[in-house]
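The next block holds one structure in the form of C-alpha cells; read it before the comments.
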Amino acid sequence: MLQELVSLFEKAYKVKGDSLILDSYKLKTGVYIRINKEGKIEQQKIYDKKNENNHYDTYQWFCKRDYLSDLLDMNKPIDPKKKIHSNNYMTLFFKKDIVIGDKKINYSKLEERILEYYDILSDPQKKYKKDKKSLDLYNSITEPINEENLTWCKEYVLKNLPNIISSLGKMDFNNYVKIFFDLPIEDYEIESKRYLVPNLFNSNKYNKVIDNDIYGLTNNNMGLNAKKPYLEHKTMVNNLPCLIKSSDTLIHKKFFDWLGTRKQGCLYIKYDSDFIKGIKEKVTKGQESYYFLYLEQGKEAEIKNFDIIPVFRSNVNLEIYNYLRAEYKAEEGREEYPYIKQDTRIGLEDYIDEIWFDKRLKPNYFQDPKNIKKIGQDLKNIIITTRQALFNYFKLSDDNSIKNIIAKYGIKIVMLQLRDNSRSKAIKAYNLYVALVSQMGGKENMPGILNETMDTLYSKIRENHADCDDDKQYYFLAGQVVRYLLQKTKAKDKNQNHDVVNTYLECKNDKRLKNEIRYTFVKYNHELRMRDISFNNALAMIQSYNPENTKVDMDMFLAGYLASSILYKKENE
C-alpha cells in the first residue's frame, strides 16, 4: 500500500524536485561557514530555532547544500572513524566538541581524519573494493570526479582550518560546525549521487539480481541486521521483508526525507495531492478519501501506522446531557452540569481524552507500555487495551470497534474517576458514558430509564410502605442511600477523595451490598435524624427488596451515587 503513496509522491517530485523537501527543511543547530571562490569566508552564520528564519536567501543557500551533503545515517560515513559527518569534498561537517571544550581531540588526529576523508573521496572505489555488490552500484555512476576542485578544497581546509577553529572559540554556538565551498549546486548534486547510489539500500549484502535489475532491502524504517533476525521471513524462498529496485531507492529516500519535514503525529494525504496542497494533520470537516500515516520523528521519520481511508467522516454530532441532574457549586449558587455537543471526531477525541483518560490517551497511542507515565495502573491497563480501537475510530473513521469498547469499559472508567479523582470528574465521565452508549449503540434507552427511575423514586420515598418496582430502582436507590450515609462522615474523613466508596465499588453481589449498607448505617446512625422520612423510607425499601439479578448493576448504583439527591430537594455538599 505504501508503494501507491510513493508513486503519487514521485509524480509531484518530477514537477517540484527537491523544493518539496527544501521548502520545509530545517538546518541543525550550529555555525555555518561559506567559503567563496577566492578562498575567503563570505558568510559565517549561527543557526538555531530562534533565528532560522533570518536572512531567507542565505538560509536557503545553506539548506540546499546541507541537504545534499548530509550522511544517510552514522552507519554509512565516508570517514571510517565517524568524526567527519559530510559526504563530499565541497563540505566538511564535524561536531563542535571535537575541536572546542574538554572532549576535543588533538588536531593531528583531526588532520589524519581529514586526509583519509579526502583520500576516499578522490577514489571512492577504495571504500567499496572489499564489497563487490557495493562496488557494482558505485560503478554505475558515469560522472567523473572534479579532481581540480577536490584538490583545491582539500588544500584550503588543511591550510586554514586551524585559524577557523581558533575563531570558533570566540563564538557562542552549539552542536555542529559546517563548512561549505561556494561551488555550483550541480556539483553538489553529482557528488550527492556518488555517495547515495552505493548506500541507499539497507545493506548491499542482501542485494539480488533479478532480470538484470538489482533489488535490495530498503533502508527506510528498516533495521534488519544480525541482531534482528526476527525481521526475516524464515519460511519463504526470499526471506527479506521487502525488496525494491535500485532505480526506486532514490525516490523512496526522497519520500522519507519529505516525511522528515512534517510534524510528529497524524498525516492525511488526499488521493490526488500534489504534496503541497491536500495535506492535513487533522480532518475537521467533510467526507473525503485519504492515505493516512502516523509519524514518529526521531533520527528519521518512522511510520508507526499506515492505512487507506476510502471515506473519512469527520462529523459525529454527539450530544451530552446532564442525565444525572447533578449540580455543582458556582459563584452564584448551585448550577447544573451543562449540555455539551461534540460535532467532530477531533473534538470528541479531546473530550474523551480529558474526561475519561486524564489526557493520557493521545500521547500514548503508540507508546511502549513501560513508558506510559503519570497515570494509575488500572486506567493505564484500559488505555493499553482500548487504544487501538479508539485510534481507529478517531483517526481512521472506523466505527466498528468503539461500541464494544464503550459497553465493556465505560462504567469501569467512571468507577476509576470516582476512586482516583473526584465525584465531579466521575459525574462528567458518567454523563459521557450515557451519551456514548445511548447514541452509538448498546443501551439506546438508558437516558429514559434514568429519568423514569429518578421521577418514580422521588415520589415513592415520600410515601409510607412503598416498594421498589424493579432491580433498576433498587440499585439506583442503593446508590442514593450510600451517598447519603457517607455524607455523614466526620469532616476529616471527607478528605479521603472517595476512597471510602471503594468498598461499595468492589461489591459484586446484592448480599455484600446490603451488608455494607447495614455496616455503614450502624457506624453513622448517631448522625442521622429520626424524622428524616425520605431516608427512612428509602432504607426500608432497599432492605425489603430482593433483586432478581443478584449481581450488582453498577450502571444504576453509580447513577444513584452520583445523581442529584432525591432524598431531599437540595443535596448538602
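The values are calculated or read from the model by the stated rules, or taken from the named source; none is laboratory data. Just so we're clear, the structure is a prediction, and the values are computed from it rather than from any experiment. Cβ coordinates were reconstructed from backbone atoms using ideal geometry, including for glycine residues, and neighbour counts include every protein chain displayed. In case anyone asks, the SASA skips ligands and DNA or RNA and just uses the protein heavy atoms, side chains included. Shrake-Rupley method; radii C 1.70, N 1.55, O 1.52, S 1.80 Å.
Side notes on the structure shown:
So that you can scan it fast, the table gives a plain yes or no per residue for (1) under 30 Å from V500 (Cβ atoms); (2) among the aromatic types (F, W, Y); (3) in contact (Cβ under 8 Å) with a residue 60 or more places away in the chain:
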| position | (1), (2), (3) |
| --- | --- |
| F366 | no, yes, yes |
| N371 | no, no, no |
| I375 | yes, no, no |
| L379 | yes, no, no |
| N400 | no, no, no |
| Y409 | yes, yes, no |
| Q417 | yes, no, yes |
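- Test: residue in region 35-46 that is modelled with pLDDT of 95 or more and either small (G, A, S) or buried (at least 19 other Cβ atoms within 10 Å of the Cβ) (or both): yes
- Conditions (1) modelled with pLDDT of 95 or more; (2) out of contact with any helix residue (DSSP H, G or I) (no Cβ under 7 Å at 6 or more places or on another chain): number failed by Y430: (2)
- Pair list, Cβ under 7 Å, 6 or more apart: region 506-533 residue farther than 20 Å from R462 by Cα, other residue among the basic types (K, R): K508/K551; N509/K551; Y524/K488; E527/K488
- Region 328-342 residues that are among the charged types (D, E, K, R), paired with ones that are modelled with pLDDT under 80 (beta carbon under 9 Å, 6 or more apart): K329/E573; R334/K570; R334/E571; R334/E573
- Residue match in region 116-124 (condition: touching a strand residue (DSSP E or B) at 6+ places or on another chain (Cβ under 7 Å) and not charged (D, E, K, R)): no
- Condition broken by R313, with the remaining ones in (1) modelled with pLDDT under 90; (2) open to solvent by 30 Å² or more (accessible area, probe 1.4 Å) satisfied: (1)
- Entry remark, region 261-289: residues being within 18 Å of the chain's Cα centre (by Cα) and open to solvent by 40 Å² or more (accessible area, probe 1.4 Å) number 6 in total.
- Long-range neighbours under 9 Å by Cβ, at least six apart or interchain, first residue of a type in the set (V, I, T) within region 441-462, second open to solvent by 80 Å² or more (accessible area, probe 1.4 Å): T456/D469; I461/I533
- Residue within region 205-221 that is assigned to a loop (DSSP other than H, G, I, E, B) and within 26 Å of L110 (Cα to Cα) present: no
- Close Cβ contacts (under 6 Å, 6 or more residues apart or on different chains) running from residues in region 463-476 that are open to solvent by 30 Å² or more (accessible area, probe 1.4 Å) to residues that are at pLDDT 95 or above and of a type in the set (A, V, I, L, M, F, W, C) comprise K472/M556.
Results for (1) aromatic (F, W, Y); (2) modelled with pLDDT under 95, shown as yes or no for each residue.
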{"position": "S459", "(1), (2)": "no, yes"}
{"position": "N464", "(1), (2)": "no, yes"}
{"position": "D470", "(1), (2)": "no, no"}
{"position": "Q473", "(1), (2)": "no, no"}
{"position": "Y484", "(1), (2)": "yes, yes"}
{"position": "Q496", "(1), (2)": "no, yes"}
{"position": "E516", "(1), (2)": "no, yes"}
{"position": "M530", "(1), (2)": "no, yes"}
{"position": "F535", "(1), (2)": "yes, yes"}
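- V15 among the β-branched types (V, I, T), surrounded by 13 or more Cβ atoms within 10 Å (Cβ to Cβ) and more than 25 Å from G169 (Cβ to Cβ): no
- Residue tally, condition open to solvent by 30 Å² or more (accessible area, probe 1.4 Å), of a type outside the set (A, V, I, L, M, F, W, C) and either out of contact with any Phe, Trp or Tyr (no Cβ under 7 Å at 6 or more places or on another chain) or outside any strand (DSSP E or B) (or both), over region 335-350: 7
- Failed criterion for S122 (all others in (1) open to solvent by less than 60 Å² (accessible area, probe 1.4 Å); (2) more than 20 Å from K159 (Cα to Cα) hold): (2)
This table checks each residue for (1) modelled with pLDDT under 90; (2) closer than 30 Å to K127 by Cβ; (3) acidic (D, E).
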| residue | (1), (2), (3) |
| --- | --- |
| S203 | yes, yes, no |
| Y215 | yes, yes, no |
| Y230 | yes, no, no |
| Y268 | no, no, no |
| Y271 | no, no, no |
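- Considering region 163-186, and only residues there that are part of a helix (DSSP H, G or I) and of a type in the set (S, T, Y), the residue that is surrounded by the fewest Cβ atoms within 10 Å (Cβ to Cβ) turns out to be S166.
- Flag if I21 is of a type in the set (V, I, T), open to solvent by less than 40 Å² (accessible area, probe 1.4 Å), modelled with pLDDT of 95 or more and under 28 Å from N163 (Cα atoms): no
- Per the listing D399, D420, the residue uniquely open to solvent by 50 Å² or more (accessible area, probe 1.4 Å) and within 26 Å of L295 (Cβ to Cβ) is D399.
- Just so you know, in region 512-546 the residues that are more than 17 Å from T489 (Cβ to Cβ) and among the charged types (D, E, K, R) include one that is nearest to the chain's Cα centre (by Cα), and it is R512.
- Of all residues in region 259-295, those that are assigned to a strand (DSSP E or B) and of a type outside the set (S, T, N, Q) total 15.
- Criterion (in contact with a strand residue (DSSP E or B) (Cβ under 7 Å, 6 or more places away or on another chain) and in contact (Cβ under 8 Å) with a residue 40 or more places away in the chain) met by exactly one of I46, I84: I46
- Subset of region 54-106 (residues that are among the acidic types (D, E), open to solvent by 70 Å² or more (accessible area, probe 1.4 Å) and either closer than 29 Å to I251 by Cα or in a loop (DSSP other than H, G, I, E, B) (or both)): D57, D102
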